[in-house]
Structures are given as structure tokens and as C-alpha cells.
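Worksheet for the structure shown next.
The values are calculated or read from the model by the stated rules, or taken from the named source; none is laboratory data. Because the structure is predicted, anything quoted here is derived from the model rather than measured. Virtual Cβ from ideal backbone geometry, glycine too; neighbours counted across all protein chains shown.
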Amino acid sequence: MKQKILIVEDDADTRRALSIRIESAGFEVVAAADSLQAMALAQRERPALILLDLGLPGGNGFTVLQRLGQRAALESVPVIVLSGRDADATRERALKAGAAAFLSKPVEAADLLACIREHLSAAPDPAAEKSDLPRILVVEDDADTRKGLAIRLRASGFDVGIAEDALAAMRSAIERRPDVILLDLGLPAGDGFVVLERMKLHPKLSTIPVVVLSARDPEVNRPRALAAGAREFLQKPADNDDLLAAIRRTLEAPADEGSPLIGS
């Protein structure tokens with residue numbers, strides 16, 4: 001079965017061109033010309049991904065992002081914003097509003113399709129969602145470290161998701177709703193402090209506890225990370241027992257204990 005993409009774009013020529021590109025890549029396409037039609041189609045068609053323009057009649061793209069986040073059946077659908085607006089002024093706002101990615105118009109077909117495939121491949125596995133295991137999201141840019149942590153945590157009885165940069169971290173956190181995030185500080189596309197700040201501002205992520213695992217100087221970065229909302233700070237390389245103990249303390253701690261929760 002083909003994966004379904006919802007294109008939300010008010011310009012008919014752009015909408016047609018995007019549909020042709022995406023359908024030729026093997027996807028099924030449904031299209032909306034304004035925000036009201038976008039919400040109706042999203043609820044009826046349940047797309048695997050939404051490609052969203054910001055300048056729309058009947059409420060702009062930020063209105064659509066807000067409404068999607070308010071509906072349980074749609075809140076985990078990845079949204080790629082594709083906009084001709086000034087990227088410096090709107091990218092951060094779109095990501096904070098829940099977008100998984102931001103692309104500027106005009107976009108190369110190869111770049112657009114690569115972004116779509118990346119976010120579809122990161123969509124949550126329905127079988128994993130049914131797991132009763134505690135969910136850990138590992139945010140780490142080094143592939144070997146990421147793989148090693150995932151192996152150790154899975155062997156210890158956790159359901160593990162991974163993200164390699166700040167943007168993927170936000171997307172995965174929205175999609176997977178982990179019980180704990182294990183966060184490196186040195187990340188592409190915004191460091192770990194950027195992730196903490198974005199989570200603090202996101203209504204659906206602000207209470208997820210974070211354990212920072214970093215090679216940075218703890219004397220400088222531990223107090224800063226805790227002040228930013230992290231529950232624990234561990235320095236790399238962390239002993240396996242210390243790592244598991246920190247994660248379990250975080251899972252077991254009531255929301256009002258320990259370091260301030262993100263968003264508190």
C-alpha cells in the first residue's frame with residue numbers, strides 16, 4: 001500500500017507541481033488549498049505525512065499546526081513546512097509549533113523527497129507503541145556511541161529510539177513520547193541546550209524528563225543543564241551501572257522532586 005502525503009498549498013500551480021513530483025516517487029497524494037480543507041482531509045484521510053505551506057486562506061499554517069497538535073489521532077503525524085517566507089524569521093517558530101522540518105521554496109525535488117523519506121522512516125512503529133517497556137530516546141550525534149547506548153539500554157529492558165541531531169530529537173520526541181530522553185550536548189542543528197529550550201516551550205514535551213550525557217566540562221555544564229531543566233547530568237564515558245541508576249531514578253521520581261522539570 002502506498003503511503004499517503006497530504007499537500008497543503010494555496011497556489012494551484014505549486015500544488016500541482018508538488019503532487020506530480022511526489023506521486024512520481026511512489027506516494028499517494030491528497031491536496032488541500034486552505035487550512036479548513038487541510039484539517040478536514042487530515043482527519044478523513046489520516047496521511048502518513050503532511051507537507052504544509054504557511055501562507056493559507058482560512059487560517060495560516062501555524063493555525064494548522066496548532067489544530068493538528070490538539071487532535072490525538074493527528075498529533076504524531078510528521079509535518080514538513082514548505083514556505084517562501086523568510087527562513088530566519090519563521091524556521092524556529094515553525095519547529096517550536098511542532099513542525100518536524102522546515103524547507104524553503106523553491107526546493108529541489110531530490111531534497112524534498114529525501115526529507116519526506118527521512119521523516120516517514122522515523123515514524124513510530126505501531127508494534128513499538130504497544131510495548132509496555134519504558135521508552136528511552138537517545139539523542140547522540142556519534143554513530144558508534146549511539147549504537148552502543150542503544151544496545152546497552154535494550155539489553156536492560158528499555159524500548160529505545162534514537163536521534164542524531166537537535167531537529168531529529170524534537171521530531172522523535174513528538175512522535176514517540178518517550179518516558180526519558182538521554183541527551184548529548186554537542187549536536188548538529190542546535191546543541192543540547194537548544195533541545196532543552198525547545199522542549200520547555202512545547203506544550204506536549206515540557207514534562208518529559210531529561211538525563212544529560214556529555215563529555216563537556218561538568219563544572220561548567222552540569223549547573224547550566226540542571227538549570228535548563230535536566231534531571232541528571234552524567235559525564236562521558238558513563239559507567240553502565242551509573243547510567244542505568246540515573247535513568248531509573250528519573251523514571252521513579254515524582255514530577256516535583258529533584259531538579260526542576262522542564263517547563264516548571
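Using the structure shown, decide if L244 is within 17 Å of the chain's Cα centre (by Cα) and in contact (Cβ under 8 Å) with a residue 12 or more places away in the chain. So L244 does not fit the description; no.
Scanning segment 164-185 for residues that are among the charged types (D, E, K, R) and surrounded by 22 or more Cβ atoms within 10 Å (Cβ to Cβ), we see that the one that is nearest to the chain's Cα centre (by Cα) is R171. Filtered by the rule that a residue be free of Cβ contacts under 8 Å to residues at least 40 places away in the same chain and either assigned to a helix (DSSP H, G or I) or not assigned by TED's automatic domain parsing to the domain that holds L51 (or both), segment 88-109 gives D88, A89, T90, R91, E92, R93. Scanning segment 110-137 for residues being at pLDDT 80 or above, of a type in the set (A, V, I, L, M, F, W, C) and in a helix (DSSP H, G or I) gives a total of 7.
For segment 83-101, residues that are touching an Asp or Glu at 6+ places or on another chain (Cβ under 9 Å) and either surrounded by fewer than 14 Cβ atoms within 10 Å (Cβ to Cβ) or under 16 Å from L18 (Cβ atoms) (or both) total 3. Would you call P134 buried (at least 19 other Cβ atoms within 10 Å of the Cβ) and not hydrophobic (A, V, I, L, M, F, W, C)? No; evaluated as a whole, the condition is false for this residue. Scanning segment 1-28 for residues that are more than 17 Å from L52 (Cβ to Cβ) and not charged (D, E, K, R) yields M1, I20, S24, A25, G26. Of all residues in segment 61-82, those being over 26 Å from E23 (Cα atoms) and of a type in the set (V, I, T) number 1.
If you filter segment 49-82 down to residues that are small (G, A, S), touching an Asp or Glu at 6+ places or on another chain (Cβ under 9 Å) and surrounded by fewer than 21 Cβ atoms within 10 Å (Cβ to Cβ), you find that the one that is modelled with the highest pLDDT is G55.
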